[in-house]
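Student: Can you keep this structure in mind? I'll have questions shortly.
Nothing in this text is a laboratory measurement; each read-out follows from the coordinates by a stated rule. Note that the coordinates shown come from a computational prediction; the quantities given were computed from them, not determined experimentally. Backbone-built Cβ (ideal geometry, glycine too); neighbour counts: all protein chains shown.
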Ligand code: G6Q
């Protein structure tokens with residue numbers, strides 16, 4: 001029989017508030033959201049916090065005032081304020097990789113100072129931002145010419161994971177701010193279809209490729225970058241043309257030079273920027289070219305406003321803190337395995353995918369920062385789609401399925417571009433979903449509608465399903481920055497409570513290593529000696545046979 005897990009000494013069970021929350025959970029388990037609202041008519045206006053232009057309504061979460069007090073106590077006992085201070089000061093809080101975690105520095109104003117290891121990182125950041133701005137302006141204005149003298153009409157960003165998901169998400173989110181006539185395409189997957197689709201119909205003479213890779217060694221990105229390079233050289237008939245058509249965003253200057261990109265066409269960042277926290281670094285170059293340096297500065301200002309709120313607001317009035325604590329409550333005390341993020345905004349259609357990396361790569365951990373196995377659940381599975389589309393697909397399970405799925409509903413009070421009553425219809429649906437999830441429909445309500453008795457069980461809805469509503473005025477660069485920073489810090493809060501390192505990602509290594517070996521075996525001219533398990537051996541043989549047939 002498996003041994004029960006020992007309780008890690010740096011996990012949350014050591015805090016009195018954890019035990020108090022377990023008692024709270026037992027004492028409040030019978031309460032329905034109908035009871036909580038019935039007992040407190042002011043709940044809808046009291047359970048709200050706002051900051052950095054965002055409002056969080058968490059009245060429909062299954063918490064009482066007592067629960068909230070204990071959750072805040074858990075944050076205090078976990079040393080959240082101290083951990084937060086350490087992050088903002090540039091201490092090496094990514095312990096397993098021995099690195100500082102300083103994405104918050106990327107959005108500090110030019111006038112700020114932050115000295116890390118003897119260097120003022122703010123000055124360095126603004127030097128890169130200034131170079132990015134000059135380049136973005138040149139591309140946007142047409143001053144930057146391709147090798148044949150034509151201006152750039154399309155940018156292709158080649159990157160994967162943290163070097164792709166943020167720019168892709170922002171490109172969709174900020175479409176109304178994009179410069180007309182200047183398109184942006186993204187290639188991440190090593191599937192040849194991805195790069196072939198991206199170059200489809202493009203003139204190399206009017207195309208700029210940004211190779212975005214922190215390490216500049218990622219196999220997918222390098223494979224796609226070489227394919228793009230070959231397409232450019234082939235189309236422009238000249239190796240030297242690369243200088244006008246390929247730039248790089250990376251921390252690895254040597255590898256960039258080896259690729260043939262001149263240092264002046266490289267935009268750098270630092271090892272203290274984690275991939276999934278990098279959309280506001282030079283990795284945002286494609287975003288900056290699309291929306292322009294001024295709007296990019298707005299994006300950074302939104303991030304910074306939320307950083308400031310996170311740093312200064314009291315824990316009980318702090319948006320990321322409240323969101324992070326509610327996530328812990330739902331995960332560890334209500335047993336929720338997943339969380340759905342449902343933006344009522346078509347332009348945020350890639351936001352759930354972006355958040356999947358941010359949340360799951362950060363907190364999908366099985367050991368604490370000191371390496372002890374956890375004996376409690378950590379990061380939930382995040383997923384989602386825009387509303388109202390999701391309502392016509394998976395919401396059935398949210399309302400009547402046998403598993404509890406807390407949801408974040410995100411809405412904007414003003415449409416980016418008004419058209420009829422579309423935005424009101426969107427928001428009416430957002431509000432209705434939160435209401436239906438919370439209060440459901442009782443059997444007597446169903447019967448009151450004159451429904452045949454055999455349909456009553458099908459039509460009743462238990463309700464008591466937790467949700468939060470996040471509202472902002474409009475989806476602007478500033479709002480987007482604040483929204484991303486809200487989730488970044490909420491993820492950080494959860495990691496502090498769980499005692500895990502939110503900034504490493506060792507779990508992605510094994511698959512990459514195995515793929516290298518398997519790739520060599522698939523492409524080996526001689527039949528390789530396969531010493532894997534029988535399933536893996538058979539799959540490799542099958543792929544080799546198909547490859548041989550193709551030749
Ligand atoms: C993010 C991860 C990962 C990374 C990609 C791309 O936090 O580290 O998603 O961003 O693997 O890495 P490169 O930017 O080095 O190509």
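Student: On a 0 to 90° scale, report how tilted helix 219-236 is relative to the longest principal axis of the chain, with both axes built from alpha carbons and the result rounded to the nearest 10.
Tutor: Relative to the chain, helix 219-236 is tipped by roughly 40 degrees.
Student: Still on this model: Rounded, prolate or oblate: which one fits segment 7-112, using the alpha carbon gyration tensor with axes a ≥ b ≥ c (rounded when a/c is under 1.5, else prolate when a/b beats b/c, else oblate)?
Tutor: Here segment 7-112 falls in the oblate category.
Student: Moving to a separate point now. For residue 264 and residue 422, FRET efficiency with R0 = 45 Å and r from the beta-carbon atoms, rounded to 0.05?
Tutor: For residue 422 and residue 264, the calculated efficiency is 0.45.
Student: Once you sort the root eigenvalues of the Cα gyration tensor of segment 325-472 as a ≥ b ≥ c, which label holds: rounded (a/c under 1.5), prolate (a/b larger than b/c) or oblate (the other case)?
Tutor: On the way: a/c = 2.74, a/b = 1.27, b/c = 2.16.
In terms of gyration-tensor shape, oblate.
Student: Does anything in segment 52-88 have its amide N under 18 Å from the 7 Å Cα→Cβ label point of residue 431, and if so which residues?
Tutor: 55-61
Student: Relative contact order, percent, of the chain when contacts are C-alpha pairs under 8 Å separated by at least 6 residues?
Tutor: 20
Student: When a footprinting reagent is the concern and you count Cβ atoms within 10 Å, what order do 349, 113 take, fewest first?
Tutor: Taking fewest neighbouring Cβ atoms as first place, the list is 113, 349.
Student: If you line up the long axis of helix 509-523 against the longest principal axis of the chain, both from Cα atoms, how many degrees apart are they, to the nearest 10?
Tutor: For helix 509-523, the angle is close to 40 degrees.
Student: Take every DSSP beta bridge whose two residues both sit in the chain, then give the antiparallel share in percent to the nearest 5.
Tutor: Of all bridge pairs located within the chain, approximately 30 percent are antiparallel.
Student: Still on this structure: Residue separation times 0.36 nm, minus the C-alpha to C-alpha distance between residue 294 and residue 454: what's the value?
Tutor: Gain on stretching residue 294 to residue 454: 51.5 nm.
Student: While we're here: If you stretched the chain out fully between residue 30 and residue 234, how much longer would it get, using 0.36 nm times the residue separation minus the C-alpha to C-alpha distance?
Tutor: 66.5 nm
Student: Now for a separate question. So if we plug the beta-carbon distance of residue 81 and residue 397 into 1/(1 + (r/R0)^6) with R0 = 41 Å, what FRET efficiency do we get, rounded to 0.05?
Tutor: Efficiency for this residue pair is about 0.60.
Student: Could you give the angle, 0 to 90 degrees to the nearest 10, between helix 121-141's Cα long axis and the longest principal axis of the Cα atoms of the chain?
Tutor: 70
Student: Can you pull the one-decimal nm distance between simple spin-label points at residue 89 and residue 117, each 7 Å off the Cα toward Cβ?
Tutor: 1.8
Student: Further question on the same structure: Say each of residue 543 and residue 243 gets a label point 7 Å from the Cα, pointing the same way as Cα to Cβ; how far apart are those two points in nm?
Tutor: Distance between the two pseudo-spin positions: 4.0 nm.
Student: Now for a separate question. Once both labels are modelled 7 Å past Cα along the beta-carbon direction, what's the residue 520-residue 389 spacing in nm?
Tutor: Between residue 520 and residue 389, the label points sit 4.2 nm apart.
Student: OK, next. Tell me, what is the FRET efficiency for residue 50 and residue 529 to the nearest 0.05, using R0 = 51 angstrom and their Cβ-Cβ distance as r?
Tutor: For R0 = 51 Å, the calculated efficiency reads 0.20.
Student: Rounded to the nearest 500 deg cm²/dmol, what is the calculated helix-only ellipticity per residue at 222 nm for the chain, with -39500 (n - 2.57) per DSSP H run of length n ≥ 4?
Tutor: -13500 deg cm²/dmol
Student: Using the Cα gyration tensor of the chain, with a ≥ b ≥ c the square roots of its eigenvalues, what is the shape: rounded (a/c below 1.5), prolate (a/b larger than b/c) or oblate (neither)?
Tutor: Prolate, because a/c is 1.5 or more and a/b exceeds b/c.
Student: May I pose another question? Taking the mean number of other Cβ atoms within 10 Å as a proxy for protection, how do you rank 448-455, 77-84 from highest to lowest?
Tutor: Order by mean packing, descending: 77-84, 448-455.
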